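Input: a single structure, listed below in structure tokens.
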Amino acid sequence: MDLRDYLRAIRKRWWLVVGTTAVAVGVAITVTMLTPPKYAASVTFFVSTRGEEVTQAFQGGQFAQQRVKSYVDVLTSNRLAQAIVDSGATNLSAEAVQGEISAQVVPDTVLVAATVTDEDRVRALQLAQTLAVQFPLLIEGLETPPGAKIATVGVRIIAEPKLADSPVSPQPQRNVLLAIALGVLVGVGIAALRESLDTTIRTPEVLNKAASAPMLSVVPFDGKAEKSPLITEGSAQSTRAEALRQLRTNLQFVNVDRPLRSLVVSSALPGEGKSSTVCNLGIAFAEAGKRVLLIDADLRRPRLAQYLDLEGAVGLTNVLAGQANVRDVVQAWGGSGLWVLPSGYVPPNPSELLGSGNMADLLTSLGSAFDVVIIDTPPLLPVTDAAVMATLADGCILVTRHAKTTVAQAGSAAGALTAVGARLLGCVLNMAPKKGGGAYAYYGYGASDDDLAAAVPQLGPVTPAKRNLGKLPAPPQQALPAAIPVTGRAPARPARHSRSAADAPTTEIRLPHNHPSQAGRFDGPMSMSTLRIKR
């Protein structure tokens, strides 16, 4: 990882850095508060040579420097600690006193400093004073040759024992600063590690490379989409709605020589937003004046009827099983040219039902009646339903979810389509963030609630219904021939044409009439019946 990768990781996972820093500071403060204060008393000794055996000053200085290095160990030895205890200066054990004494040599000198650290400041000073007395006596005994009366080395005190004004530990400022530095380093390390190990798709470039397919649209995350998944009324001018219209536009130019008539929408795994994408894409095509049919071919977890507030008990499976005529189960939604064929009864063999010849004939007939047929299918990786349907349609769209779908999952889903010879038109990166690391820039049109309230003050508070003021009035329920009665209702959509449904020209197509055998299979021939659709 280079510097840019680290900065990107910190920006996307800044909360990790803040969290680790806060934890480190909290631990440092807790330890500081629980640690009892300790006080230090110091004394400094001067070491020199004496006696007749050493006559040269230079040689004496070198000798003293060599001896000073050994005196550090003498100061921290158990023998000196026992001498301090035997003097009656403290009731501590020799091991405890030895643990409280530290010593060091002043560089390039014959000075040695000893420090006594204790939780009791008075006792620390007493121990330092006793050490100042006992250490020279111990050295004198060690440095006196046998039979001699004078030691070769003398130790004198040049700095009397002195107690520090404040405790030497704990040090709150130092501890907090070290905790901040440690927390930042650990947070950055964790963020960089997660960034290097994260294989989820977060950018269009990664998705394009993983699926080997073009990017059709990046749909931003909308917190209101969970309760209001459709791009109608208040959300019709949102950035999410504009991204879905961009998807519609890109699909219209995928192949200008052969416009798309049937389209499969799927995803790698559940929960990536394919069903809501199908509904909103159908609404976007209907807004453009297209005659759109949505087919809920997700026979395992159907969702279109729920999203569009339609009756879904009878639908595609009943038509394929010969229990109903397609003219009786197609439902109109709103007044903008959108029809829906729900899933119907959930069968025990969805893959076989969708891969039957009757499904292929039905899709061909419906494709000639409508401008666009959009099919919602199950995810590609758990089951094969979507791959089966993709071979019958003109193309397929792969919907992935930002920071959830992995590179391997997207690649496997695209490979499943390629393996059956289906045409992958492109990919959609759904629920992309608007803010923070990995966010994308969007530009929204349309007036805000404040602008609308200021323009029409007599309306009072702006409600979703009032946002449609200024648009064309909604037409009556779109008229359909008696062959396809309207069996469900939904909020009316604004019409794009002012002509009435009665004056609209009529297109006739022939739809298959299925004749199941007694076993429920389609063994016999298929007759054709006429279906009239008002344009």
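The values are calculated or read from the model by the stated rules, or taken from the named source; none is laboratory data. Not measured: the values here are computed from a predicted model. Here Cβ is always computed from backbone atoms with ideal geometry, including for glycine, and neighbour counts include all displayed protein chains. Just so you know, the surface numbers come from the protein's heavy atoms only, side chains and all, with ligands and any DNA or RNA stripped out. Shrake-Rupley method; radii C 1.70, N 1.55, O 1.52, S 1.80 Å.
The one condition from (1) more than 14 Å from H402 (Cβ to Cβ); (2) in contact (Cβ under 8 Å) with a residue 40 or more places away in the chain; (3) out of contact with any Gly (no Cβ under 8 Å at 6 or more places or on another chain); (4) of a type outside the set (F, W, Y) that R174 does not meet is (2). Within segment 339-360, the residues that satisfy the criterion of being more than 12 Å from I295 (Cβ to Cβ) and either buried (at least 24 other Cβ atoms within 10 Å of the Cβ) or touching a residue at least 40 places away in the same chain (Cβ under 8 Å) (or both) are V346, P347, P350, L353, S356, G357, N358. The set of residues in segment 382-414 being touching a helix residue (DSSP H, G or I) at 6+ places or on another chain (Cβ under 6 Å), of a type outside the set (S, T, N, Q) and part of a loop (DSSP other than H, G, I, E, B) consists of L392 alone. For segment 273-293, the tally of residues that are open to solvent by 10 Å² or more (accessible area, probe 1.4 Å) and β-branched (V, I, T) stands at 0.
Of all residues in segment 70-79, none are surrounded by 17 or more Cβ atoms within 10 Å (Cβ to Cβ) and either at pLDDT 95 or above or over 23 Å from L163 (Cα atoms) (or both). Counting only strands (runs of 3 or more DSSP E) that sit wholly inside segment 100-213, those with at least 1 residues that are more than 59 Å from the chain's Cα centre (by Cα) are 111-118, 153-163.
If you go through segment 361-392 and keep only what is closer than 16 Å to V326 by Cα and open to solvent by 30 Å² or more (accessible area, probe 1.4 Å), you end up with D361, T364, S368.
Scanning segment 233-256 for residues that are under 20 Å from G289 (Cα atoms) and not in a helix (DSSP H, G or I) gives A236, Q237, F253, V254, N255, V256.
Among the residues of segment 417-434, those identified as surrounded by fewer than 21 Cβ atoms within 10 Å (Cβ to Cβ), more than 28 Å from T239 (Cα to Cα) and of a type in the set (G, A, S) are A419, G421. For S262, the conditions (1) among the polar types (S, T, N, Q); (2) surrounded by 23 or more Cβ atoms within 10 Å (Cβ to Cβ); (3) within 18 Å of A386 (Cα to Cα) all hold with the exception of (2). Here are some conditions: (1) open to solvent by 10 Å² or more (accessible area, probe 1.4 Å); (2) touching a residue at least 40 places away in the same chain (Cβ under 8 Å); (3) charged (D, E, K, R). D296 meets all but one. Which one does it not meet? Status for D296: all satisfied but (1). Would you please list the contacts, defined by Cβ atoms under 9 Å and residues six or more apart or on different chains, that run from a residue in segment 235-256 that is under 20 Å from K274 (Cβ atoms) to a residue that is of a type in the set (D, E) and outside any loop (DSSP other than H, G, I, E, B)? Once the first residue is under 20 Å from K274 (Cβ atoms) and sits in segment 235-256, its partners that are of a type in the set (D, E) and outside any loop (DSSP other than H, G, I, E, B) give R245/E287; R248/E287. Applying the set (1) farther than 17 Å from P37 by Cα; (2) touching a residue at least 12 places away in the same chain (Cβ under 8 Å); (3) not aromatic (F, W, Y) to I101 leaves exactly one unmet item: (1). Of all residues in segment 263-286, those that are touching a residue at least 60 places away in the same chain (Cβ under 8 Å) and closer than 17 Å to V373 by Cβ total 13. Within segment 201-223, the set of residues being at negative phi, of a type outside the set (F, W, Y) and open to solvent by 30 Å² or more (accessible area, probe 1.4 Å) comprises R202, T203, E205, V206, N208, K209, P214, M215, D222, G223.
If the requirement is being modelled with pLDDT under 95 and under 29 Å from the mean Cα position of the chain (by Cα), which of these qualifies: A288, A241, A313, A321? None of the others qualify; the one that does is A241.
Residues in segment 363-373 that are among the β-branched types (V, I, T) and either outside any strand (DSSP E or B) or on the phi > 0 side of the Ramachandran plot (or both): T364 only. Considering (1) open to solvent by 40 Å² or more (accessible area, probe 1.4 Å); (2) at pLDDT 90 or above, the lone condition that F58 does not fulfil carries the number (2).
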